[in-house]
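The values are calculated or read from the model by the stated rules, or taken from the named source; none is laboratory data. Keep in mind the model is a prediction, meaning the values are calculated, not measured. When we count neighbours, we look across all protein chains shown, and the Cβ atoms used for this are built from the backbone with ideal geometry, even at glycine. The area values use the complete protein model at the heavy-atom level, side chains included, leaving out ligands, DNA and RNA. Shrake-Rupley method; radii C 1.70, N 1.55, O 1.52, S 1.80 Å.
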Amino acid sequence: VSGLDTEQATGIQAFPVPCVGQLQLEGIPAGATVVLQDQAGATVRELRMTSAQLTVIDNLTPGVYVVTTTLDGHIIDRRRILSL
């Protein structure tokens, strides 16, 4: 995927995929912003990470989401997530 800062994205994990109501994120650098958008592009959640600890996003309704992680104005990770 072009345009991503792959060096910063090393170690970022999103699991399980597909997920059922709960998505876990790990390895996201402190200071990064994580935006979860639905298929229509509407922002469902926006998180400001304070550390690289495990973060859980609860109560996801079934559907396809895009998780975009930015740090210092640059996209460092973007992935599709399926919630069943």
* Asked: Has the range 40-47 got at least one residue that is modelled with pLDDT of 95 or more, open to solvent by less than 30 Å² (accessible area, probe 1.4 Å) and assigned to a strand (DSSP E or B)?
  -> no
* **Restricting the range 66-84 to residues that are over 12 Å from ALA14 (Cβ atoms) and without any contact (Cβ under 8 Å) to a residue 40 or more places away in the chain, the residue that is most open to solvent (accessible area, probe 1.4 Å)** => GLY73
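Which one is modelled with the highest pLDDT, of the residues in the range 18-39 that are among the small types (Gly, Ala, Ser) and on the phi < 0 side of the Ramachandran plot?
Residues of the range 18-39 among the small types (Gly, Ala, Ser): 21, 27, 30-32.
Now narrow it down to the ones that are on the phi < 0 side of the Ramachandran plot: 30, 32.
Details: ALA30: 93, ALA32: 96.
Here the answer is ALA32.
Please enumerate the residues belonging to the range 18-35 that are open to solvent by 10 Å² or more (accessible area, probe 1.4 Å) and either in a loop (DSSP other than H, G, I, E, B) or basic (Lys, Arg) (or both).
Step one: of the range 18-35, the residues open to solvent by 10 Å² or more (accessible area, probe 1.4 Å) are 18, 20-22, 24, 26-27, 29-31, 33, 35.
The answer is PRO18, VAL20, GLY21, GLN22, GLY27, PRO29, ALA30, GLY31.
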* Residues (open to solvent by 40 Å² or more (accessible area, probe 1.4 Å) and not in a loop (DSSP other than H, G, I, E, B)) located in the range 48-65 -> ARG48, VAL56, VAL64
